[in-house]
Amino acid sequence: MAGRRRQRADNQDFSSPAWMTTYADMVQLILCFFIALFAFSQVDAKKFQQVARSLNTVFSGGQGILESGQLPNNGESILDDPHFLQEMAALEETYRSLEEYLAQEGLSEKVELERDERGIIVSFADRVLFELGKAEILPPSRTVLGEVAQIIGPLPNQLRVEGHTDNLPISTAQFPSNWELSTARATGVVRFFVEECGFSPTKLSAAGYGEWRPRFPNDSAAHRAKNRRVDLVILRTSLSENEPN
């Protein structure tokens, strides 16, 4: 008898009760719901990443989404947002035009192009536009700025001009610190765009960052020269909406 009871105990079914299966299904559904909410909140970031990858391909000589009409590998389409697509196409065309102009003029090493989450950055080495420690635009550089203005002028995007210096201190009657020098250079370029190129003042803004946003450590003459620059930032529309009107 004891052996039979032991055998029945060994054969007893210890599977989970039916309500546990329903509970597990409910938890999985809730998890999927919150994952979907998170994914929906990331739509714009995904779109930008897709187009950025496409632009990297295009600028390397390949075909991007805008030319090939192909969708990203994950099957998500960016073609349902015509405003976004139109802006990215315009920025791509502008980038190419700037790249071509700078190459023709032999300025590719002195005026660098970059794309980031803000939009397009046209970065002028300070000696291209200014003498060391000064904020007056050099006469030959006015032609270069004018040509760049013609290329970027048709864009409706906001344009922010940012002045940067190295960490070598400056103290003159005109510029007591690098703050004043970087700001004067930025506002000088803004004034040139308005007075000489016909830009609307509402489209422009200026910022002077002094030595505090270097691209490289200020540990050599070469690095300090790269940190002394004026950046023209063509802001994407989503960021331009945050600019004061």
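The values are calculated or read from the model by the stated rules, or taken from the named source; none is laboratory data. Nothing here was measured: the structure is a model prediction, and the numbers come from that model. We place every Cβ from the backbone using ideal geometry, glycine too, and count neighbours over all the protein chains shown.
You will find that of Gln158, Gln150, Gln174, the residue that is of a type outside the set (A, V, I, L, M), over 17 Å from Leu132 (Cβ atoms) and surrounded by fewer than 20 Cβ atoms within 10 Å (Cβ to Cβ) is Gln150 and no other. Among the residues of this structure, Trp212 counts as one that is more than 21 Å from Glu109 (Cα to Cα), among the hydrophobic types (A, V, I, L, M, F, W, C) and exposed (fewer than 15 other Cβ atoms within 10 Å of the Cβ).
Inspect all residues belonging to segment 133-149 and state whether any of them is under 17 Å from Cys197 (Cβ atoms), basic (Lys, Arg), more than 18 Å from the chain's Cα centre (by Cα) and modelled with pLDDT of 85 or more. Yes: one or more hits.
Within the group Leu204, Leu155, which residue is free of Cβ contacts under 8 Å to residues at least 60 places away in the same chain and either out of contact with any Lys or Arg (no Cβ under 7 Å at 6 or more places or on another chain) or of a type outside the set (A, V, I, L, M, F, W, C) (or both)? Even if it seems obvious, please write down each step before you answer.
On the way: Leu155 fails: free of Cβ contacts under 8 Å to residues at least 60 places away in the same chain.
Residue meeting the stated conditions: Leu204.
Taking the listed residues Asp126, Asp166, the one that is at pLDDT 95 or above and buried (at least 19 other Cβ atoms within 10 Å of the Cβ) is Asp166, with no other qualifying.
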